[in-house]
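The values are calculated or read from the model by the stated rules, or taken from the named source; none is laboratory data. As the structure is a prediction and not an experimental result, all values here were calculated from the model. All Cβ positions, even for glycine, are placed from backbone atoms using ideal geometry, and neighbour counts span all protein chains on display.
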Amino acid sequence: MDFLVEWGWVLWLALILVFVIIEVFTLDFTFLMLAGGSLGGLVAGFFPAPVWAQIVIAGVLALLLLFVVRPPLLRAFRKGGDPTRSNVEALLGLTGTVVTENSSRSQVKLANGEVWTSRLADGLDGELVEGERVVVTAIEGATAVVVPAPVPQAPLTETKD
């Protein structure tokens, strides 16, 4: 126990260093808050605080930082981020036209110009017909799961007698 009391500051520094290194790779501010708590334990170690008190101070400070400081910090850093959807998210809801029909798999040319292998969503009967308009509802691997696009209704016009 004398070792821990005498060299405790080295252990706190090592713990801070490990947390900061992990934070560099995760960039989520979680391990940075844990490093801040460990810093509190280190500072408590410079005063004549027992080891258990150092651990309690580090834990309480880490929890406070995690639940009080981290959420507004995350909001501040994510504010003004690019709201543009990308990758698979950008394909969901896109319309397309069936270019090749097949009983199990068809090919659909999407509004963004990409051609995808497609299939009807589960629970839908029938087949995709060439030229039919569809909407992407999901992406499963390299297959676009589609449903027939709703047909826009023409406005009713009144005829005068």
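Within the stretch 71-99, being outside any loop (DSSP other than H, G, I, E, B), over 17 Å from the mean Cα position of the chain (by Cα), surrounded by 11 or more Cβ atoms within 10 Å (Cβ to Cβ) and not aliphatic (A, V, I, L, M) holds for T95, G96, T97. Quick check: is even one residue across the stretch 49-64 closer than 30 Å to V145 by Cβ, of a type in the set (A, V, I, L, M, F, W, C), within 24 Å of the chain's Cα centre (by Cα) and surrounded by fewer than 17 Cβ atoms within 10 Å (Cβ to Cβ)? There is no residue in the stretch 49-64 that is closer than 30 Å to V145 by Cβ, of a type in the set (A, V, I, L, M, F, W, C), within 24 Å of the chain's Cα centre (by Cα) and surrounded by fewer than 17 Cβ atoms within 10 Å (Cβ to Cβ). Tell me yes or no: at least one residue of the stretch 106-119 is under 30 Å from the mean Cα position of the chain (by Cα), closer than 28 Å to D28 by Cα and of a type outside the set (V, I, T). No, the conditions are met nowhere in the stretch 106-119.
Tell me which residues, restricted to the stretch 82-101, are of a type in the set (S, T, N, Q) and in contact (Cβ under 8 Å) with a residue 24 or more places away in the chain. Once the filter is applied, which keeps residues that are of a type in the set (S, T, N, Q) and in contact (Cβ under 8 Å) with a residue 24 or more places away in the chain, the stretch 82-101 yields T95, T97, T100. The condition (being of a type in the set (F, W, Y) and at pLDDT 90 or above) is satisfied by just one residue among F19, F47, F3: F19. Assessment of the stretch 63-72 against the conditions (on the phi < 0 side of the Ramachandran plot, charged (D, E, K, R) and not assigned by TED's automatic domain parsing to the domain that holds V136) yields at least one matching residue. Scanning the stretch 105-140 for residues that are within 13 Å of L91 (Cα to Cα) and either in contact with a Pro (Cβ under 9 Å, 6 or more places away or on another chain) or in a loop (DSSP other than H, G, I, E, B) (or both) yields A111, N112, G113, E114, V134, V135. Scanning for something in contact with a Lys or Arg (Cβ under 8 Å, 6 or more places away or on another chain) and at pLDDT below 90, does the stretch 130-141 turn up at least one residue? No; the residues of the stretch 130-141 include none that is in contact with a Lys or Arg (Cβ under 8 Å, 6 or more places away or on another chain) and at pLDDT below 90.
Criterion applied to G59, G41 was being under 20 Å from V20 (Cβ atoms) and at pLDDT 95 or above, and the one residue passing it is G59.
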